[in-house]
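To start, the structure under review is shown below, and the notes come after it.
Derivation of every value follows stated rules applied to the coordinates shown; laboratory data play no part. Given the structure is predicted, the values throughout are model-derived calculations rather than measurements. As a convention, Cβ positions derive from the backbone with ideal geometry for all residues, glycine included, and neighbour counts pool all protein chains shown.
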Amino acid sequence: MAFSADTCTEQARWKQRFAIWALMGMFATAWWILGGIASGQRFETIELPKGFEAFKDPKKAAELQRAAGQLVTAKDLSKLDAKVPGMAKFYLETYIPWKMTQRESLPELTDTIENLLKDLERAQRSDSGGLRTLLGGTFMGLKKVAEGNYLPAARINAINGLSRINASPLDITNGRPPVPLSYSFPVLMKLYTDEAQVDGIRAAALHGLHYYASLAFPYMKPEEKKQLADEMKKLLDSKSPTSRDPAAHAYLQRFAVDVLDLFRNPNDGALGTQLISISTTEESPDVIALYSASKLGAFKKELQGPAKDPAPIVKKWSLRAFQNVESEIARLAALKRPSPALQQPPNPKDFLQRSADIKKKVAATPRGGMGMDSGMGMDSGMGMESGMDMGMEYGMDMGMNMGMGMMGMGRMVPVAKPQPPEVDISRRHLTHVLQQLLRGATGSRSGQSETPSGLLAAAEQPNQAALKTWVETISGVLAALNDDLLDTQEKWVETLQKQRLVLGNLAGLEVEMPEQEEADVNRPGLPGFAPLPGFGAPQPAPAADAKPENVPAGLPGLPGLPEN
């Protein structure tokens with residue numbers, strides 16, 4: 001099996017991904033640790049053998065670490081002290097497991113695993129004479145922690161470490177990805193298939209199996225492939241257990257999709273049919289439905305049966321995109337704070353200004369300034385020289401800022417401004433949604449591919465025109481959402497409302513633009529107050545014989561008005 005340079009680059013990124021996963025695992029299991037303490041659940045700890053308690057002292061432990069470090073760089077073990085291999089073995093198989101199971105060591109777990117794997121890779125690259133001791137000791141120590149009743153965070157880190165132990169490291173020069181250690185596979189399978197284990201442990205083991213299968217596929221035994229494929233089919237077909245959040249279950253199913261796609265026969269469309277069903281089922285969470293849709297981009301002719309008429313499929317996909325846009329509109333509306341209510345009417349004194357205050361302001365205005373009494377002529381203190389300087393500076397600025405913006409038609413090209421964080425987050429989410437759908441339809445996230453795959457490759461000739469129209473429409477929505485000039489939340493929401501109409505039309509829905517709120521015509525800026533004479537809406541002139549309203553009968557008339 002040949003591997004390209006892109007493949008090796010991708011495998012090199014696994015180290016960063018696993019470091020992030022280990023950190024997430026610690027946070028994800030924190031609730032379990034605290035819950036176990038509160039409920040009285042007890043976790044075991046590994047104890048150092050009698051006579052070796054002195055190594056609890058960090059200074060003594062440093063002697064063990066130095067011994068392991070000597071094996072990393074040793075070319076000839078005969079030149080080392082005879083105690084070094086034994087101390088290194090004790091360090092990896094006993095001291096490290098003891099340290100990982102201590103509560104006070106929780107903050108150091110990730111660094112501990114990373115250092116072990118780095119030392120092992122250094123020994124492999126230098127062809128160290130102590131490689132066998134290092135490889136076996138690292139595996140045995142982590143296996144001991146992964147399988148025991150120890151702190152969940154320690155077990156998850158140990159499982160991640162087992163997953164990343166490689167029999168041979170990444171070889172970028174020759175284009176060879178790392179080869180995982182085969183001894184890790186049965187340990188990971190045992191932990192994943194044990195339903196008595198909590199979800200955190202099983203999820204970590206599943207993550208390790210996914211990594212193992214993606215790199216060790218050419219070297220796996222047929223029975224190992226069958227065992228893993230059967231478990232992944234069971235996972236993909238299963239419903240979320242009552243003890244597991246549906247979104248978390250859907251996330252785990254993504255690993256099953258990857259493994260089954262890796263193992264499938266190129267001419268077998270059974271998985272593609274299942275992915276179409278998942279992506280078009282409205283009850284499927286977005287995390288698995290959209291992922292399944294994107295994975296269809298790797299299929300071609302094998303989808304000709306279920307995708308010969310893709311119209312019903314893309315209609316369901318349009319509905320999911322429409323719902324995501326609506327969800328973003330609602331989320332952004334919830335973030336908008338209402339304007340504070342006016343507690344008291346304005347104080348009339350605030351609108352009055354004494355002449356003495358005006359004189360002070362006039363006196364404080366510098367000559368030549370832009371005050372109320374300053375003109376733009378010679379009387380303003382701005383002489384011809386100042387005017388020329390201003391003109392030159394203004395011309396320079398206009399030339400620098402607009403030189404490339406003034407085109408043949410004399411129109412300035414707008415300059416993009418930074419988008420607010422809430423707009424940027426919303427745009428990234430919706431862009432990812434649409435890109436996954438475009439990839440499932442054409443094999444490309446942009447919707448343009450020289451060798452189309454996915455639904456476009458499987459659709460019958462009469463149905464391809466309608467599918468291409470759908471792709472062009474979705475691409476147009478994607479372009480509209482990525483307009484750099486949407487630099488305010490108001491502009492962004494307005495664009496979402498417009499694209500909501502487009503997606504609703506593709507989904508076969510009758511969608512209308514929301515009605516605009518009517519402005520308060522009683523008094524600008526002060527809703528709820530009646531207009532004052534001379535302000536607001538024009539008032540009709542009273543009739544000559546009009547009488548005042550709401551005047552009780554029998555009371556004397558007002559001065560100047562006839563009596564009732």
**Request:** Name the long-range amide H neighbours of Val179: under 5 Å, sequence gap of 5 or more, or other chain; modelled H, no Pro or chain starts.
**Result:** Ala167, Ser168
**Fill in**
A chain fully extended from Asn149 to Asp424 at 0.36 nm per residue, minus the present Cα-Cα distance, gains in nm 94.6 nm
**Prompt:** So, in nm, how far is label Ala465 from label Gln323 when the simple model puts each one 7 Å beyond its Cα toward the Cβ?
**Reply:** 3.2 nm
**Request:** Just round it to a whole percent: the fraction of Cα-Cα distances in region 432-500 exceeding 13 Å.
**Result:** 65 percent
**Request:** Assuming R0 = 51 Å, can you tell me the calculated FRET efficiency for the pair Lys75 and Glu195, based on Cβ-Cβ distance, to the nearest 0.05?
**Result:** 0.60
**Prompt:** What spacing in nm lies between the two simple spin-label points modelled at Glu450 and Glu47, each 7 Å away from Cα in the Cβ direction?
**Reply:** 6.9 nm
**Message:** Limiting things to C-alpha atoms, what are the Rg and the maximum Cα-Cα separation (Dmax) for region 80-179, in angstroms?
**Reply:** 14.0, 43
**Item:** Spin-label model distance (nm) - Thr431 vs Asp111, 7 Å beyond Cα toward Cβ
**Value:** 3.6 nm
**Prompt:** Contour minus end-to-end for Ser277 and Ser182, with contour as 0.36 nm per residue of separation and end-to-end as the Cα-Cα distance?
**Reply:** 30.7 nm
**Request:** Can you tell me how much longer the chain between Asp171 and Tyr251 gets when fully stretched, taken as 0.36 nm per residue apart minus their C-alpha distance, in nm with one decimal?
**Result:** 25.7 nm
